[in-house]
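The structure appears below as structure tokens.
Taken together, the values in this text are just the output of simple stated rules run on the coordinates, not laboratory data. Worth saying up front: this structure is predicted, and the values here are computed from it rather than measured. Backbone-built Cβ (ideal geometry, glycine too); neighbour counts: all protein chains shown.
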Amino acid sequence: MSITQSAIGISMSGLAAQRARMEVIAQNIANADTIRTDESEPYRRRTVALSPGDVLTFEQYLEDAHAAGVTVSDIGSDESPFRVVYDPGNPYADEYGFVTMSNVDTTREILDLIAATRSYEANLTALNATKSLLTKTLEIGL
């Protein structure tokens, strides 16, 4: 695999990982006020774990110029406690008037979305730079 293909592959894996992260964040924001799911509990925030692709030694990298980029290793649930809100008029309130709400913090999700968007943009910039270098290289050969 050439270094150019490797650089494109790394950028593409980063784009895919950040897209998956943004999709999960969008689901979290959309369900921030969901107080009952199929499991009869509030919506539990989902998280995305990213991990490096194939971890290579320096010698292995030099031999085949291969790098795997990043992958989504897990989409899990945030086990932090649910929020409890006093709302005696809510049909889901307990005998004391408290309602158990989702553990999604919209401010945190918006900040995570901004970070994921910036990471996506950085990967896109790297991909475009690689394509530009490849195009210039082909022009030199003509």
Taking 40-46, 115-121 and ranking on average Cβ neighbours within 10 Å, highest first, one gets 40-46, 115-121
Taking every pair of distinct Cα atoms and averaging 1/r, then inverting, what Kirkwood hydrodynamic radius in Å comes out for region 80-132? 14.3
Given 0.36 nm per residue, what is the gain on full extension from residue 85 to residue 114 after removing their alpha carbon distance, in nm? 7.6 nm
In nanometres, the difference between 0.36 nm per residue of separation and the alpha-carbon distance of residue 41 and residue 124 is 26.0 nm
